[in-house]
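Enquirer: Just passing along the structure, written as structure tokens.
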Amino acid sequence: MVKCRWLDLCVGAISVDIKAMSEAAIETTGTVLERKGEILYRVELMNGKVVLGHLSKKLTDAATEFPDGAAVLLEMTPFDFDQARILSEA
């Protein structure tokens, strides 16, 4: 019976966290430092931090490429400041 109560609590907590995370996106700009793969880039934020950025689905489908030094618009979650989604050119 303890496992069932624990599972019910966890399932409820997960659904709340997912809803809260979708509303808490942070948008910022950065500069492309280098291309790491087909959809991966190293991007420097305005504060000097370097993150791994990946292309959004829309940009991946359009086969978009960014040259080194390009300014890009990024979306990040408040839970992981080491990764970002590249939304468009800034």
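Derivation of every value follows stated rules applied to the coordinates shown; laboratory data play no part. Everything numeric in this text was worked out from a predicted model, so none of it was measured. Every residue, glycine among them, receives a Cβ derived from its backbone with ideal geometry; neighbour counts consider all protein chains shown.
Enquirer: Residues to consider are VAL72, VAL32, VAL50; find the one that is in contact with a Pro (Cβ under 8 Å, 6 or more places away or on another chain) and among the β-branched types (Val, Ile, Thr).
Expert: Answer to the selection: VAL32.
Enquirer: Here's another thing I want to ask about it. Can you tell me how many residues in the stretch 27-42 are assigned to a strand (DSSP E or B) and either touching a Ser or Thr at 6+ places or on another chain (Cβ under 7 Å) or of a type in the set (Asp, Glu) (or both)?
Expert: Result for the stretch 27-42: 2.
Enquirer: Could you give me the residue pairs with C-beta distances under 6 Å whose first residue belongs to the stretch 70-90 and is under 11 Å from GLY30 (Cα atoms), whose second residue is among the basic types (Lys, Arg) wherever it lies, and which are 6+ apart or on separate chains?
Expert: That search, which allows pairs on different chains as well, returns GLU75/ARG85.
Enquirer: A further question on this structure: Please specify each residue of the stretch 50-89 satisfying the condition of being assigned to a helix (DSSP H, G or I), of a type outside the set (S, T, N, Q) and surrounded by fewer than 17 Cβ atoms within 10 Å (Cβ to Cβ).
Expert: Listed by number, the residues that qualify are LYS57, LYS58, ASP61.
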